[in-house]
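This report refers to the structure that appears directly beneath it.
The values are calculated or read from the model by the stated rules, or taken from the named source; none is laboratory data. Predicted model, so just to flag it, every value in this text is computed and none were measured. Here the Cβ positions follow ideal geometry from the backbone for every residue, glycine too, while neighbour counts run over all protein chains shown.
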Amino acid sequence: MAEQNERSSETFANDGSGSRRHRVEIRQMMDKQSIRRRLFDKIATGVAMACVIAAIIPLGSILVEVVKNGVGALSLEFLTQPPGAIGSGRGGIGPAIQGTLIVIALASLIGAPVGVLAGIYLSEFAGSGKFPYAVRFLNDVLTGLPSIVVGIVAFVVVVLTIGSFSVWAGAFALSIIMIPIVVRVTEETLKIVPNSIREAGYSLGIPKWKVVVFIVLTSAKSGVLTGIVLALSRIAGETAPLIMTILGTSLFFTGFTDPVDALPLRIWRLASQPYESAHEFGWGAALILILLVLAMSVGLRILAYKRGFRTGI
């Protein structure tokens, strides 16, 4: 009996030491895995930060170069007066600033509503049939269409029809570039809105179009607004379509059916002149264009958040 008790004690001791050894091995393995995960996490974080820095450096260098070369040209005369004689170093870009604001505003009035409504249709009403697939495919093709091709189309459709270069032609060309961007961003943003929000509206007996417009669209307003801002930033710097549509002029705005100047056109012409003063004015115009895009983006967000989306069912 005593021998059996001793053997049981030895077996229990061996089992206890074995389980402790097993726990130690498991803990060591978990520690190694934890160290490996932390190492991979630090490597991934470092690579991501390096990519961010690599993306910021070119942007920062462009901004620094534009500010350094363009700030010297800024003055009240530069911002308000028409261009002077070629190579004189006098005059300004007043007509170009005015024309840019007019053309972009008119293009936005055409492109933003069409793009948002098309995105709503594809997200909420179209489903997954052949026609919606064809629309999405053509929209993607239009997104990558070269801007000079858009300019040629606008020249044939509008300029030749009216018989002159005009603001309408430039706005039409820029709206074609703007629409597919707004459509794609609007559609993808509305798809992110949870279905429970839609079902809550349906359960109250609200018609589908009201649910979409006043609930779903309001919930996705930030993403839709981002798409509009991206489209505005894209069309603000386009030059090729404007060469084919508004032509450019040294005069201030005279009518929607007449030629008008724009900052991208003015920058292109100043950069092509063999005069140091023209190059300085070109850098200044580029700086003004960047500031205009920034001001439009910030102003649109403030206006939309404070007024544009205060709606009720």
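Points worth noting:
- Flag for Val224 being at pLDDT 90 or above, within 15 Å of the chain's Cα centre (by Cα), part of a helix (DSSP H, G or I) and more than 20 Å from Ala262 (Cβ to Cβ): no
- One residue stands out among those in segment 120-163 that are within 23 Å of Leu109 (Cβ to Cβ) and hydroxyl-bearing (Ser, Thr, Tyr): the one that is surrounded by the fewest Cβ atoms within 10 Å (Cβ to Cβ), which is Thr161.
- Against the conditions (1) in contact with a His (Cβ under 8 Å, 6 or more places away or on another chain); (2) surrounded by fewer than 23 Cβ atoms within 10 Å (Cβ to Cβ), Leu270 satisfies every one except (2).
- Close contacts from segment 60-88, counting a first residue that is closer than 18 Å to Leu291 by Cα and touching a residue at least 24 places away in the same chain (Cβ under 8 Å) and a second that is of a type in the set (Asp, Glu) and not in a loop (DSSP other than H, G, I, E, B), with Cβ to Cβ under 9 Å and a gap of 6+ residues or different chains, come to Asn69/Glu280; Gly70/Glu280; Gly72/Glu280; Ala73/Glu280.
- From Ala112, Ala50, residue being modelled with pLDDT of 90 or more, assigned to a helix (DSSP H, G or I) and not assigned by TED's automatic domain parsing to the domain that holds Ala171: Ala50
- Of all residue pairs spaced 6 or more apart or on separate chains, those with beta-carbon atoms under 7 Å, a first member in segment 122-150 that is part of a helix (DSSP H, G or I) and a second member that is of a type in the set (Lys, Arg) are Leu122/Arg136; Ser123/Lys191; Asn139/Arg184; Thr143/Arg184.
Residue-by-condition table, conditions (1) of a type in the set (Phe, Trp, Tyr); (2) surrounded by 18 or more Cβ atoms within 10 Å (Cβ to Cβ):
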{"residue": "Phe165", "(1), (2)": "yes, yes"}
{"residue": "Ile177", "(1), (2)": "no, yes"}
{"residue": "Pro180", "(1), (2)": "no, yes"}
{"residue": "Val183", "(1), (2)": "no, yes"}
{"residue": "Thr189", "(1), (2)": "no, yes"}
{"residue": "Val193", "(1), (2)": "no, yes"}
{"residue": "Ala200", "(1), (2)": "no, no"}
{"residue": "Val211", "(1), (2)": "no, yes"}
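- Scanning segment 143-161 for residues that are of a type in the set (A, V, I, L, M, F, W, C) and at pLDDT 90 or above yields Ile148, Val149, Val150, Ile152, Val153, Ala154, Phe155, Val156, Val157, Val158, Val159, Leu160.
- Residue check, Leu101 under 17 Å from Gly248 (Cβ atoms), surrounded by fewer than 18 Cβ atoms within 10 Å (Cβ to Cβ) and at pLDDT 90 or above: yes
- Within segment 286-300, one or more residues are assigned by TED's automatic domain parsing to the domain that holds Val149 and over 30 Å from Gly91 (Cα atoms).
- Taken across segment 258-266, residues that are touching a residue at least 24 places away in the same chain (Cβ under 8 Å), exposed (fewer than 15 other Cβ atoms within 10 Å of the Cβ) and part of a loop (DSSP other than H, G, I, E, B) do not occur at all.
- Residue ID - farthest from Phe252 (Cα to Cα), chosen from residues in segment 152-167 that are touching a residue at least 60 places away in the same chain (Cβ under 8 Å) and not hydrophobic (A, V, I, L, M, F, W, C): Ser164
- Ala118 farther than 29 Å from Val213 by Cβ, within 21 Å of the chain's Cα centre (by Cα) and in contact (Cβ under 8 Å) with a residue 24 or more places away in the chain: no
- Being more than 30 Å from Ala118 (Cβ to Cβ) and in the same structural domain as Ala105 (by TED's automatic domain parsing) is a property that Thr254 has.
- Test: residue in segment 180-198 that is touching a Leu at 6+ places or on another chain (Cβ under 7 Å), part of a helix (DSSP H, G or I), among the charged types (D, E, K, R) and at pLDDT 90 or above: yes
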